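Chemist: Here's a structure for you.
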Amino acid sequence: MNNALRSGLIAVICACAHAGTVPAPSTQFVEVEGSHFVLLTDLPRAAALESVRRMENVLAALFHGSWQGDALPREKLRVLELASARDLHQFASPTMSAFYQPVDLFGEPMLVMSTEQGGSENVVLKHELAHALHGTFLPRSPRWFFEGLACYLETMQFDPARDLYLIGAPSEDRLQYLRYHPETNYGRVLTLPTREAVLLSGQESYAFQSASWLLVFYLANERGKQLDDYIRRITRREDAQAAFHTAFSGLRAEELAEEVGRYLQTLPRHLDPAEAQVSYRLRNVRIAPWEGPLQAREVPAAEVEALHAELFFLSPGLPRAQAHLAESRRAVETALRLDPSHPLALAVEMALPESASTPPPLERIRAAAARRPRDYRVQMLLAFAVGGRRPEERRAALVRAAALVPENAAVLNALAWHDLTHGRVQAALPVAEKAAELAPGRAAVLDTYATALAKASRCAEAVRVEERAVELTAEHASGELRRRLLVRLDAMRAGCDEVPLDEE
């Protein structure tokens, strides 16, 4: 396309973006960025600032009150907090109080919750933060332990009267589930191979989580010193099975399963919080209130509408046949009338079913990139839109995106995978390694790093990293991703000579 026409398109975009015919959304959103969170919310500005401080406090309490590594995670979690649960249920299943989206339309994780249903005290938030913490220092652990530990920490509570956090309270929901399901096979949970555990979903996944929680809860309360020793050993990268055998003095899986089954029968159905302090191994955690710097900005109306469009498109917890696609289309149209170059709105438009058979709007994206030179998301869209037939242009867009956000694991991961699929192993390896350092709890990122190690003939390291990637796929990854990683892991274990590469 000639430069004159391209300039004309940019001019049209600029003119449309300033048209005054589209009303702004009635609700004002604010974005607040702290050390470990980026919050988008419709709360008033002062409440939004306080919400980020509380989330930072929750993360610090989990870190200091639990088994820990050397440092907090480097990757910031994007959180959408809506004041009303009703607003959350406009696009999500009414059964959900919050949800974790492991990959949004730009490959990044996002957690959505409401202030009415817990806010910073939300169980889902604490569960995912626990996974993020343990992903940094537990390189290899059995699936039941990794999941049970997160479930154990999700019950952390703040006691305002004493100004401290309590870790280790029993989970009433999981206890109730296990009592209703006396057929639960704890021995199977303990011995279930990782490649089977990662394929569990729905009710089976919740059952596995709940049984895993009780196993960890029992060990923390009845075999606490041995549990501490076990965690120290696997942190030192000892073989998990050998570490368990040594720490628990040869305790066999079937013996532990029997102990836990009997233990469940001894737990009271109702326990006063004061009694819980005496009956269980609760940890009291008092931390200095977080007082780090906060950056706040008002979110433009087009961005709010684009976010609504993305959430309606995702429709968490609903079958795809019931997804709110009509609402997503309306929100996209509004966002693009407000700002025709908005990258998230363009991404949702491209993701809608009617766009599946049409090529990406390349020239619109080029114009958006010219108008938004500091927005990495447009470069990611451009990398996608140019297609596989223009690998150098695709790589140039990914390099520009990585330069704009050098600490963004999703962008680095995309660049590393592009280089791997085009024979640039030595260029891919340091980029993939940095992405894995930023996001050690994300399966897709570790998969890329493992593949780079394999292609660099560092096969033993590749196997260890890919095993970790497979373990991390259990909770949120699609069945397709889990199967792809298992295929790659098998190839790495066979010697790394023929590790398959997916298309970009």
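The values are calculated or read from the model by the stated rules, or taken from the named source; none is laboratory data. If you're wondering where the values come from, they're calculated on a predicted model, not measured in any experiment. Quick reminder, even Gly has a Cβ in these numbers, built from the backbone with ideal geometry, and neighbours come from all protein chains shown.
Chemist: Could you pull out the residue among Arg468, Arg484 that is crowded, with 18+ Cβ neighbours inside 10 Å, of a type in the set (Lys, Arg) and within 22 Å of the chain's Cα centre (by Cα)?
Modeler: Checking each option against the conditions leaves just Arg468.
Chemist: Where residues in region 211-260 are among the β-branched types (Val, Ile, Thr) and touching a Lys or Arg at 6+ places or on another chain (Cβ under 9 Å), which of them is surrounded by the fewest Cβ atoms within 10 Å (Cβ to Cβ)?
Modeler: Thr246
Chemist: How many residues, within region 104-130, are in contact (Cβ under 8 Å) with a residue 60 or more places away in the chain, buried (at least 17 other Cβ atoms within 10 Å of the Cβ) and not aromatic (Phe, Trp, Tyr)?
Modeler: Number satisfying all stated conditions: 13.
Chemist: For region 53-75: of the residues being surrounded by fewer than 19 Cβ atoms within 10 Å (Cβ to Cβ) and in contact with a strand residue (DSSP E or B) (Cβ under 9 Å, 6 or more places away or on another chain), which is modelled with the lowest pLDDT?
Modeler: His64
Chemist: Suppose we filter Ala345, Ala351 for residues that are more than 16 Å from Ala396 (Cβ to Cβ) and at pLDDT 95 or above; which single one remains?
Modeler: The conditions single out Ala345.
Chemist: Here is a further query. Within region 111-143, can you find the residues that are in a loop (DSSP other than H, G, I, E, B) and at pLDDT 80 or above?
Modeler: If the condition is that a residue be in a loop (DSSP other than H, G, I, E, B) and at pLDDT 80 or above, then Thr115, Pro142 are the ones that fit.
Chemist: Still on this model: If you go through region 291-300 one residue at a time, do you hit one that is among the basic types (Lys, Arg) and either farther than 30 Å from Pro94 by Cβ or at pLDDT 95 or above (or both)?
Modeler: Yes: one or more hits.
Chemist: Given the residues Leu344, Leu318, which is the only one that is among the hydrophobic types (A, V, I, L, M, F, W, C) and surrounded by 21 or more Cβ atoms within 10 Å (Cβ to Cβ)?
Modeler: Testing whether each residue is among the hydrophobic types (A, V, I, L, M, F, W, C) and surrounded by 21 or more Cβ atoms within 10 Å (Cβ to Cβ) leaves just Leu344.
Chemist: Right, something else. Considering only region 425-450, state which residues are buried (at least 23 other Cβ atoms within 10 Å of the Cβ) and among the polar types (S, T, N, Q).
Modeler: Residue satisfying the conditions is Thr448 alone.
Chemist: For region 65-110, which residues satisfy the criterion of being farther than 12 Å from Gly317 by Cα and in a strand (DSSP E or B)?
Modeler: Within region 65-110, Leu77, Arg78, Val79, Leu80, Glu81, Leu82, Met110 meet the criteria.
Chemist: Out of everything in region 64-101 that is among the aromatic types (Phe, Trp, Tyr) and touching a Leu at 6+ places or on another chain (Cβ under 6 Å), what residue ends up being farthest from Tyr230 (Cα to Cα)?
Modeler: Among those residues, the one meeting the criterion is Phe91.
Chemist: A further question follows. Just to be sure before I move on: is Asp497 in a loop (DSSP other than H, G, I, E, B) and either without any contact (Cβ under 8 Å) to a residue 12 or more places away in the chain or surrounded by fewer than 18 Cβ atoms within 10 Å (Cβ to Cβ) (or both) in the structure I sent?
Modeler: So Asp497 passes the test.
Chemist: Let me ask you something else. Go through the residues of region 5-12 one by one and say whether even a single one is at pLDDT below 90 and in a strand (DSSP E or B).
Modeler: No, region 5-12 contains no residue that is at pLDDT below 90 and in a strand (DSSP E or B).
Here's the yes/no breakdown for (1) without any contact (Cβ under 8 Å) to a residue 40 or more places away in the chain; (2) under 28 Å from Ser478 (Cα atoms); (3) of a type in the set (Phe, Trp, Tyr); (4) in contact with an Asp or Glu (Cβ under 6 Å, 6 or more places away or on another chain):
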| residue | (1), (2), (3), (4) |
| --- | --- |
| Pro160 | yes, no, no, no |
| Tyr186 | no, yes, yes, no |
| Thr191 | no, yes, no, no |
| Thr194 | no, yes, no, yes |
